Amino acid sequence: MTLKKNIIALRQKKAQVKMGGGKKAIEKQAAMGKMTARARLLYLLDVNSFHEYDMFVEHEERNFGMDMKELAGDGVITGTGTINGAPVCVYAQDFTVMGGSLGLKHARKITKIMDHALKMKVPIIGINDSGGARIQEGIGALAGYGEIFYRNTMASGVIPQISVILGPCAGGAVYSPALTDFVFVVENISKMFITGPNVIETVLGEKISQEDLGGARVHAEITGNAHFYAQTEIQSLNQIKELIGMIPHSNQKKAEKKAPKKPTFNKNLENIIPSDPKQPYDVRDVIYALTDESKFIEVQELWAPNIVIGFGRMNGETIGFVANQPMYLAGVLDCDASDKAARFIRFCDAFNIPIVTLEDMPGYLPGVDQEHAGVIRHGAKMLYAYSEATVPKITVILRKAYGGGYIAMNSRHLGADFMFAWPGTEIAVMGPEGAANIIFRKEIMEAEDQDAMRQQKVEEYIEKFANPFVAAAKGYIDAVIEPSETRDLVLHALEVSQNKDDHRPQKKHGIPPF
Amino acid sequence: MAKKNKDLVDFAVTARKYRTKLTTKYNQRKPWIDPNPYEIQSIIPGTIIEVFVKEGEVVQEGDPLLILEAMKMMNHIQMPFTAKIKKINVNVGDKIPKDMSMIELEAADEDDDEENQ
């Protein structure tokens with residue numbers, strides 16, 4: 001009988017914690033267009049798979065009247081569950097409990113589930129919805145943040161770490177998501193900044209809305225902090241499920257292999273790329289023509305769209321794609337594009353995902369703003385990331401590869417395993433116009449009709465140098481291929497790279513130009 | 001597709017111009033402005049606490065110009081070289097942004113120098 005009584009008491013106690021901040025606070029959360037922390041977890045995870053831990057953790061703060069306050073779960077829900085059968089660790093900050101503010105015990109619940117994820121080698125997904133540090137706890141809150149950042153760093157490259165911002169995430173709180181691999185944001189709901197609009201107005205007198213300062217769109221398009229942008233919470237949580245299905249769940253594994261499927265995108269590869277080198281096209285069409293069922297999960301779609309990164313499957317195996325996008329800024333490399341690609345390459349390398357690079361590279365973006373923003377330092381990140389990566393690395397040059405960009409886009413010289421080029425590609429130190437202007441300067445100057453002479457010399461240069469055969473003659477390109485052969489050859493290259501064994505000198509770690 | 005192509009512009013990368021779209025961030029970039037040594041600009045946003053100089057005064061290199069409080073720190077802004085104060089664009093109590101021209105200078109002629117001594 002006592003056991004029965006205890007069970008009933010337990011159920012009541014649990015039910016109380018599950019009410020979070022209470023009915024009123026939950027109604028307020030709904031009025032803001034937000035789901036509750038618990039509803040989010042239940043939607044994200046497979047039905048009946050969520051198991052919660054540390055429900056009865058209590059804060060220990062005694063100052064500022066906190067001793068009178070009971071905070072359900074200390075404002076965060078932690079646990080384990082599965083996504084399409086794959087085990088994951090999760091936490092969700094509960095905004096209905098004291099604004100989801102982070103105190104020491106709240107943080108310790110998070111670090112405990114993070115430790116668990118790292119030990120069990122499963123992904124960790126954090127749902128952020130918090131007003132920030134719990135001011136009443138003072139240094140305790142700061143300690144909590146620091147302990148989370150430390151674990152984010154320890155887990156980096158070992159298990160995938162995913163953050164979704166479903167509410168405010170300000171001050172120190174932003175740095176945990178920033179340290180994780182993928183950040184998901186939702187229009188009108190996500191807010192991230194170091195100093196909020198109030199501080200900026202007090203200090204500077206500048207008025208700006210939360211949305212314009214650090215809303216979802218800003219981070220997806222301008223800062224690059226966010227990797228996935230969605231219109232609704234449901235869409236965002238669906239994106240997470242899809243991503244989890246695509247990537248490996250630890251650095252000791254490969255991504256789950258699916259049954260091979262043919263691409264469904266039926267446009268002929270030969271017709272995608274305009275013959276006029278000045279005309280743009282959408283390089284994602286080339287990716288669709290290569291991937292199983294023409295599926296592609298694009299990462300950071302809105303930020304630095306001049307380079308496209310993301311995941312797709314080829315013959316069932318997960319591949320990371322890096323591709324210049326002529327549709328935006330002619331597909332140049334700039335600070336943001338280099339930064340974006342470099343981090344993605346490092347993710348792929350850390351998690352055993354082969355990299356396929358599709359190259360149509362006009363060069364680096366000229367401009368004072370670029371030079372002063374550090375295009376040298378940022379550009380170097382890409383050289384570093386490609387050189388360092390030991391996963392299979394395959395490059396297909398689609399139309400052109402000029403200068404420093406040729407080297408940067410996974411060239412043979414940085415350790416590419418397979419280099420393919422379509423016929424008609426221009427591989428040269430610079431574009432034919434520029435090269436002819438320099439090499440034949442004297443002839444052009446002395447000609448009666450300078451424009452005609454320039455045009456003649458440009459054509460001469462294209463004929464002799466701006467083609468794949470100069471590079472092929474030196475062995476820098478392994479094969480000049482027909483566009484229609486691309487998928488088969490890339491698949492073959494991946495197949496023969498299955499047991500690739502590439503070593504790097506022993507070191508504690510390298511020093512990339514962060 | 002027709003709508004898409006409307007956004008295409010000519011975009012020069014070295015000698016060749018490509019048809020392509022621009023990004024929001026590219027359109028928002030700040031044009032380069034040659035720095036003017038005769039303008040004392042704010043290096044950090046903050047509040048003007050005190051101004052030590054007057055318009056028309058010749059100030060020696062290293063002498064204090066004003067105090068700009070930023071991030072709870074009193075920054076003493078000094079004269080970069082000996083010159084005359086042409087115009088003061090800030091008042092005590094002003095909250096100012098970064099890169100604002102706080103004081104404009106002009107070359108001190110010899111008469112001014114003698115007067116000062």
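The values are calculated or read from the model by the stated rules, or taken from the named source; none is laboratory data. Fair warning: this is a prediction, and the values are worked out from it, not measured in the lab. Note that each Cβ is placed from the backbone with ideal geometry, even for glycine, and that neighbours are counted across all protein chains shown.
Numbers for the structure displayed
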quantity: Top-ranked residue of region A:322-333 - restricted to ones that are out of contact with any Phe, Trp or Tyr (no Cβ under 7 Å at 6 or more places or on another chain) and more than 8 Å from every other protein chain (Cβ to nearest Cβ), ranked as surrounded by the most Cβ atoms within 10 Å (Cβ to Cβ); calculated: A:N324
quantity: Test for A:E187: is it in the same structural domain as A:T78 (by TED's automatic domain parsing), among the charged types (D, E, K, R) and within 25 Å of B:T24 (Cα to Cα); calculated: yes
quantity: Unique residue being surrounded by fewer than 20 Cβ atoms within 10 Å (Cβ to Cβ), touching a Lys or Arg at 6+ places or on another chain (Cβ under 7 Å) and closer than 26 Å to A:L489 by Cβ when the list is A:G415, A:G424; calculated: A:G415
quantity: Per-region count, region A:301-321, residues touching a strand residue (DSSP E or B) at 6+ places or on another chain (Cβ under 6 Å), crowded, with 23+ Cβ neighbours inside 10 Å and part of a loop (DSSP other than H, G, I, E, B); calculated: 1
quantity: Residues that are of a type in the set (G, A, S) and either more than 22 Å from A:R134 (Cβ to Cβ) or within 14 Å of another protein chain (Cβ to nearest Cβ) (or both), drawn from region A:156-212; calculated: A:S156, A:G157, A:G205, A:S209
quantity: Candidate set: region B:61-75, residues that are farther than 17 Å from B:S101 by Cβ and surrounded by 12 or more Cβ atoms within 10 Å (Cβ to Cβ); chosen: the one modelled with the lowest pLDDT; calculated: B:E69
quantity: Any pair with Cβ under 6 angstrom, 6 or more apart, that starts in region A:430-458 at a residue that is over 18 Å from B:A12 (Cβ atoms) and ends at one that is among the aromatic types (F, W, Y) and crowded, with 18+ Cβ neighbours inside 10 Å; calculated: A:K457/A:F440
quantity: Residue selected from region B:1-53 under the condition touching a residue at least 24 places away in the same chain (Cβ under 8 Å) and among the hydrophobic types (A, V, I, L, M, F, W, C), by the criterion farthest from the other protein chains (Cβ to nearest Cβ); calculated: B:V53
quantity: Criterion violated by A:I439 - all others in (1) under 35 Å from the mean Cα position of the chain (by Cα); (2) within 13 Å of chain B (Cβ to nearest Cβ) satisfied; calculated: (1)
quantity: Residue in region A:271-288 that is farther than 30 Å from B:V13 by Cα and either within 14 Å of chain B (Cβ to nearest Cβ) or without any contact (Cβ under 8 Å) to a residue 60 or more places away in the chain (or both) present; calculated: no
quantity: Residue selected from region A:62-107 under the condition assigned to a helix (DSSP H, G or I), touching a helix residue (DSSP H, G or I) at 6+ places or on another chain (Cβ under 6 Å) and aliphatic (A, V, I, L, M), by the criterion nearest to A:P168 (Cα to Cα); calculated: A:M98
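So that you can scan it fast, the table gives a plain yes or no per residue for (1) closer than 30 Å to A:S294 by Cα; (2) acidic (D, E); (3) at pLDDT 95 or above:
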| position | (1), (2), (3) |
| --- | --- |
| A:A473 | no, no, no |
| A:V480 | yes, no, yes |
| A:S484 | yes, no, no |
| A:D488 | yes, yes, yes |
| A:L491 | yes, no, yes |
| A:E495 | yes, yes, yes |
| A:Q498 | yes, no, no |
| A:D502 | no, yes, no |
| A:F514 | no, no, no |
